[in-house]
């Protein structure tokens, strides 16, 4: 570590997870005042999921987050006030609003393989005069070299610091040290470390990160945070003082603040219970716990077994771009079971439409079914930016017909009613990827696990019987020429970029033409 050590207290952000986002202005004031008087240089105050996180998906704040932020800004005399921004939850609109209130620092958090989605947010932050810190979340899931490359991207976008973030509390001391050291070697700006305590080593990991070169670290009073909580700030400061690294922090003031103000906010104190322990052991993000419990209840399983399977198999294999053999048959999963898994994977995601698959009789015979299948299309699957094939395992691209509905349709609708509900027929480009070796899988594996990334937003489809007729209405030579125009080769032959030209804004077939046909 060459830069002075800086501690950010995130009790008023990460800590809000532990109290169901129930902070009030009356609670924010004494916490900020106490931290400020104790010499803590940075205080983070926002919804647990960052700016604009107060939603049905993430959990609603009792008090509007900008009211809490305003109180933090009013109260702090010396400390800088920071917020978290997760692109896709928060936007530059909220960022600029916070900057206009006098915000000092924004911490921009993305999955540790997706730094490329943060460029506009870093640029907006720097233009607004803010200090911009990058957060590489779920950093345990990638080797140090991958994290270093992602950190380089953030640094090129204008980041003033990049953090290694142990979102799942899954790292041990050597994991934290190796990742921080890789970033310190790769980028000329400060490196930070954010710990969670699911394995009971948050303080130890933070100290290991400091020894490896981290100069910015995080903690929360009373360990308040997601899962088993964060590194407890008062304990962390005590350890730092023993090492001679925190001479200006008032340990007694922090300890009193934790005991007298923060502890009463939560009736039961932060502990490593059996759920948070398994989250850390399996390396699974804390928000997956509820989904695992629902699946366990439906299928008669132990949720801990599901969490461990999630942590050890699918996410890690996809992120490391490794292929595995399918096991649906061995696990006794049939097509109905696959649809139930598909539905569980889609909980709390915004549904935008459906994708019909296996529409040809020959393919149906091959897969052992008698009708087309369907998959759900969610908001995050609709792309309007370049897609790099080197992020996939086994990329495929297919031209598609996208039927955009003017009206939703009930079940068992007649073909005539379906035709009347059509708003237009659009060209679609479908990117597919699969972890399954050689794309060899049964239909039970196909539906929940083949990854689709679409460029078209689809409405509610009720046109299975008319699909083949729709195909005959489109000039496929035109479609292929569109695909060729979408594809351009980069200088690195391993990196192809398919630019989404938003051609879906101009339908190939308007509703009136469809009716005439």
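The values are calculated or read from the model by the stated rules, or taken from the named source; none is laboratory data. Please read these numbers as outputs of a predicted model, since none were measured by experiment. Cβ sites come from the backbone with ideal geometry, for glycine too, and all protein chains shown count toward neighbours.
Could we say that residue 237 is within 16 Å of residue 19 (Cβ to Cβ), in a helix (DSSP H, G or I), more than 30 Å from the chain's Cα centre (by Cα) and in contact (Cβ under 8 Å) with a residue 60 or more places away in the chain here?
no
Condition (residue is more than 18 Å from residue 208 (Cβ to Cβ), in the same structural domain as residue 66 (by TED's automatic domain parsing) and surrounded by fewer than 20 Cβ atoms within 10 Å (Cβ to Cβ)) applied to the range 169-178: is it met by at least one residue?
Within the range 169-178, the subset more than 18 Å from residue 208 (Cβ to Cβ) is none.
No, the range 169-178 contains no residue that is more than 18 Å from residue 208 (Cβ to Cβ), in the same structural domain as residue 66 (by TED's automatic domain parsing) and surrounded by fewer than 20 Cβ atoms within 10 Å (Cβ to Cβ).
Is it the case, given these coordinates, that residue 257 is modelled with pLDDT of 65 or more, assigned to a helix (DSSP H, G or I) and under 20 Å from residue 12 (Cα atoms)?
Yes: the conditions hold for residue 257.
Give the residues of the range 8-43 that are surrounded by fewer than 24 Cβ atoms within 10 Å (Cβ to Cβ) and part of a strand (DSSP E or B), sorted by residue number.
Residue satisfying the conditions is 42 alone.
Could you list all residues from the range 57-68 that are part of a loop (DSSP other than H, G, I, E, B) and either within 18 Å of residue 124 (Cα to Cα) or in contact (Cβ under 8 Å) with a residue 40 or more places away in the chain (or both)?
Passing the criteria: 57, 61, 62, 63.
Would you check if there is a residue in the range 1-19 being on the phi > 0 side of the Ramachandran plot and modelled with pLDDT of 95 or more?
Taking every residue of the range 1-19 in turn, none turns out to be on the phi > 0 side of the Ramachandran plot and modelled with pLDDT of 95 or more.
Any residue in the range 69-81 that is outside the structural domain of residue 248 (by TED's automatic domain parsing) sitting within a Cβ distance under 8 Å of a residue that is modelled with pLDDT of 95 or more? List the pairs, counting only those 6 or more apart or interchain.
No pair meets every condition.
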